[in-house]
Amino acid sequence: MKLPISIAINGQTRSLEIDTRLTLVALVREELGLTGTHVGCTTGNCGACTVLLDGDTVKSCCVLAADVDGQEITTIEAFSTGASTLHPIQQAFADNQGLQCGFCTPGMVLSTHYLLGQNPSPTEADIRHGISGNLCRCTGYQMIVDSVLDAAQRARESAPSASGAAE
Amino acid sequence: MISSELAFYAPATLAEALEQLAAAEYGATILAGGMSLVPTMNLGLARPETVISLNRIDELAYIEEDADTIRIGAMTRHRDLIGHPIVQAHCPSVAAAASVIGDVQIRNRGTIGGSVAHADPAGDYLPVLAAAGATAVVRSATSERRIGAREFVVDIMRTALEPGELLTELELPKLPADGGSAFVRLARVEGAFAIVNAAAVTSGGSATIAVGGATASPAVAEVAGDASLEEAGDAVYEATEDAFGDLSGSAEYRREMARVYARRALAEARDAAANGGGAQ
Ligand SMILES: Cc1cc2nc3c(=O)[nH]c(=O)nc-3n(C[C@H](O)[C@H](O)[C@H](O)COP(=O)(O)OP(=O)(O)OC[C@H]3O[C@@H](n4cnc5c(N)ncnc54)[C@H](O)[C@@H]3O)c2cc1C
Ligand code: FES
Ligand code: FES
């Protein structure tokens, strides 16, 4: 069955006619060509397919595309347009070697963004809890935890302080 | 891509959903958070021809209280139960269970109704609801039924729901002022399903303990208020005679762990009662 839906993808409104069998990750990758979102398992375990749905992280392999009509989707492509414009979270991952093959990285960056939105000063334990839905086969996680700690610090330093005086 | 053709409906009201469910000639599959259903569709294990999504039905997502009960709408997502003031004050074990389900992304999307209807033997709400003596509210286009949580799960991943019926609400009695409750679980790593999970509620002169993960539906034992932890553990052990084994543990291992976690849950529930309310 075909179904018309309208979504906001990375800030752009798109109206599409989709096959009801598509999952959200298939919509993003195959229909919209945004291949930064990865597919590791299709069973909700690995988190490589993590996107923001109305601002909340979800595993897009477990969401039907037909079910997101009228909603906002944010993928890794919204974070930067290329190597020279890395988002501070991405820069922190690069500087701390928070990736090796990079397969898990888009999902890790989205989960980090969501975690820091909820908790700007996470402890190491908070970080491990916050990224427990994202599996990494390469790094052993320590460098990812370091990257998230660094990303949090960068975000705090660049945010205006409570008194409004800082840059 | 999911292989079979799919008719998809996303009604905005419960009444419409019930009508569509009644009208579906060969039955329809209900979609809540999709965290259990969509993986099985991706794997080709479930091949629904018609899916009715409840995700647009705002009237099914709520947490409300009456004088003696709290009522949770089926589409309430796991993360909305964590730290909710009504849940925390009157049924804190529901929040404790919600907070350990899967991971952040699963909790952002999965629902309590979907979890209970899925009836995974290791589901984390099931022992909590069984120990609390909760009630499932079930509706079809023409009827409404109330089913005790202990009768709702009839076998592994099978419930008392009839064709055309939806689980709409879970109703839990509030913990009495002198009561306490607790939820504890054994799992390999964070985010993994429990090997066993246990909930206990103490109130007045008795205590109820329910242990999931070992049997098709939670094993329930009631003991006197002054029963020793050993007696309570033994009562649960007896109640898990039909335990099953799998890759994460043999039947006998699960029974022993059911005994251990029953004791721990009861000890924590008593502590919570002594500290003036169900801390967990
Ligand atoms: C990686 C991963 C880890 C997980 N870890 C845990 C865990 O540790 N503990 C735990 O308890 N759970 C865990 N889960 C399962 C999770 O809790 C799911 O959210 C839950 O089992 C299903 O809820 P849902 O809302 O996603 O339902 P869905 O997947 O949409 O539906 C599940 C089933 O219930 C039926 N259904 C849904 N809602 C209704 C309704 N209102 N009336 C009638 N039928 C209905 C559907 O038709 C389907 O058969 C995990 C899942 C994943 C993917
Ligand atoms: S591809 Fe979605 S969780 Fe693995
Ligand atoms: S960097 Fe390879 S999976 Fe994480």
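The values are calculated or read from the model by the stated rules, or taken from the named source; none is laboratory data. No experiment lies behind these values; they were computed from the predicted model shown. Methodologically, a virtual Cβ is constructed for each residue, glycine included, from the backbone with ideal geometry; neighbour enumeration extends over all protein chains shown. Ligands, DNA and RNA are excluded from the accessible area calculation, which covers all protein heavy atoms including side chains. Shrake-Rupley method; radii C 1.70, N 1.55, O 1.52, S 1.80 Å.
Within the option set B:52, B:57, B:72, being at pLDDT 95 or above and under 18 Å from residue B:174 (Cα atoms) holds for one residue only, B:72. As a summary of the residue check, residue B:272 satisfies the conditions (1) in contact with a helix residue (DSSP H, G or I) (Cβ under 7 Å, 6 or more places away or on another chain); (2) surrounded by 22 or more Cβ atoms within 10 Å (Cβ to Cβ) except for the one numbered (1). Look through segment B:106-148, keep the residues that are β-branched (Val, Ile, Thr) and more than 6 Å from ligand 1 (Cβ to nearest atom), and return whichever of them is farthest from residue B:68 (Cα to Cα). So the residue we want is B:142.
What's the total number of residues in segment A:2-53 that are on the phi > 0 side of the Ramachandran plot and within 10 Å of chain B (Cβ to nearest Cβ)? Residues meeting the conditions: 3. Restricted to segment B:136-194, the set of strands (runs of 3 or more DSSP E) holding at least 2 residues that are crowded, with 23+ Cβ neighbours inside 10 Å comprises B:166-173, B:180-186.
Applying the criterion of being closer than 14 Å to residue A:89 by Cβ and touching a Ser or Thr at 6+ places or on another chain (Cβ under 9 Å) to the residues of segment A:116-148, the residue that is nearest to ligand 1 (Cβ to nearest atom) is A:134.
Within segment A:15-48, which residues are open to solvent by 30 Å² or more (accessible area, probe 1.4 Å), of a type outside the set (A, V, I, L, M) and either within 11 Å of ligand 2 (Cβ to nearest atom) or more than 20 Å from residue B:53 (Cα to Cα) (or both)? Within segment A:15-48, A:15, A:29, A:30, A:31, A:33, A:35, A:38, A:40, A:41, A:42, A:43, A:45 qualify. Away from ligand 2 (no atom under 16 Å from the Cβ), modelled with pLDDT under 95 and either within 14 Å of another protein chain (Cβ to nearest Cβ) or outside any strand (DSSP E or B) (or both), is that true of residue B:80? Judged against the criteria, residue B:80 is not a match. If the condition is being aliphatic (A, V, I, L, M) and surrounded by fewer than 24 Cβ atoms within 10 Å (Cβ to Cβ), then segment A:49-67 contributes A:52, A:53. For segment A:7-21, a residue qualifies if it is closer than 16 Å to residue A:52 by Cα and part of a strand (DSSP E or B), and the qualifying residues are A:7, A:8, A:9, A:12, A:13. What number goes with the only condition from (1) within 8 Å of chain B (Cβ to nearest Cβ); (2) at pLDDT below 95 that residue A:83 does not pass? Failing condition for residue A:83: (1). Every listed requirement among (1) open to solvent by less than 40 Å² (accessible area, probe 1.4 Å); (2) within 11 Å of another protein chain (Cβ to nearest Cβ) is met by residue B:57 save one, (2).
The rows are residues; the columns are (1) within 14 Å of chain B (Cβ to nearest Cβ); (2) within 14 Å of ligand 3 (Cβ to nearest atom); (3) on the phi < 0 side of the Ramachandran plot.
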{"residue": "A:98", "(1), (2), (3)": "no, yes, yes"}
{"residue": "A:102", "(1), (2), (3)": "no, yes, no"}
{"residue": "A:114", "(1), (2), (3)": "yes, no, yes"}
{"residue": "A:118", "(1), (2), (3)": "yes, no, yes"}
{"residue": "A:142", "(1), (2), (3)": "no, yes, yes"}
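Okay, residues lined up against (1) at positive phi; (2) away from every other protein chain (no Cβ under 11 Å); (3) of a type in the set (A, V, I, L, M); (4) touching a Leu at 6+ places or on another chain (Cβ under 7 Å):
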| position | (1), (2), (3), (4) |
| --- | --- |
| B:4 | no, no, no, no |
| B:8 | no, no, no, yes |
| B:20 | no, yes, no, no |
| B:24 | no, yes, yes, no |
| B:27 | yes, yes, no, no |
| B:30 | no, yes, yes, yes |
| B:33 | no, no, no, no |
| B:38 | no, no, yes, yes |
| B:41 | no, no, yes, no |
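Consider residue B:205 carefully, then state whether it is surrounded by fewer than 24 Cβ atoms within 10 Å (Cβ to Cβ), at pLDDT below 95 and away from every other protein chain (no Cβ under 14 Å). Answer is yes for this residue.
Remark: residue B:115 matches the filter, which requires a residue to be small (Gly, Ala, Ser), within 24 Å of residue B:16 (Cβ to Cβ), under 12 Å from the mean Cα position of the chain (by Cα) and open to solvent by 20 Å² or more (accessible area, probe 1.4 Å).
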